[in-house]
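One structure below.
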Amino acid sequence: MSKMSREKGKRGEREFCELLREHGYEARRGQQYAGGPDSPDVVVNLPVHFEVKRTESFSPSYLAQAERDAHPALQPVVAWKRNAAPWRVFVDAHHYLGMWQRIDRMTDEILQLETKLKEAESNTA
């Protein structure tokens, strides 16, 4: 890999860290701290293993790399960006659908709690 490619990769990792920080997550580049082949490109306070790619074309091998390198407790995720385009995130469909199931369950729980709170308020009024 050329020095220019490595530098572009580092820039991509820094850009993605910044995006995560803008959304309230603590994030830093991973390789320079851990250095091992199974180190995520970006370390974040989420249960994910990020593989970050800053290339013009996407390859399925990126997700295979993330799956191969991820610790079993972490979800492999590829963050990919081409020039003048937004970041895209790729995950396994089962994980994606599972996230929505958890959101649905939490939404139901919130609605139930709101109903109980309204009932309790009306009983004390």
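The values are calculated or read from the model by the stated rules, or taken from the named source; none is laboratory data. All values reported here derive from a predicted model rather than from experimental measurement. Backbone-built Cβ (ideal geometry, glycine too); neighbour counts: all protein chains shown. Only protein heavy atoms, including side chains, enter the accessible area calculation; ligands, DNA and RNA are left aside. Shrake-Rupley method; radii C 1.70, N 1.55, O 1.52, S 1.80 Å.
Data table
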| quantity | calculated |
| --- | --- |
| Using alpha-carbon coordinates, inclination of helix 3-22 to the longest axis of the chain, degrees | 10 degrees |
| Helix axis angle, 93-124 relative to the chain longest principal axis, alpha carbon, degrees | 30 degrees |
| Rounded percent of accessible protein surface that carbon and sulfur make up, the stretch 1-117, 1.4 Å probe | 57 percent |
| If the convex hull is drawn through the Cα atoms of the chain, its volume per residue in Å³ | 149 Å³ |
| Accessible area (Å², 1.4 Å probe, nearest 10) - R102 | 110 Å² |
| Number of Lys pairs (Cα under 18 Å; 8 or more positions apart or on different chains) in the chain | 6 |
| Estimated FRET transfer efficiency (E67, K3; beta-carbon r; R0 25 Å; 0.05) | 0.35 |
| Accessible surface, 1.4 Å probe, highest first, among residues H71, H49 | H71, H49 |
| Per-residue HN-Hα couplings for the stretch 65-73 [Karplus 6.51, -1.76, 1.60; θ = phi - 60°; Hz; x = Gly/Pro] | 5, 4, 5, 5, 8, 5, 4, x, 7 |
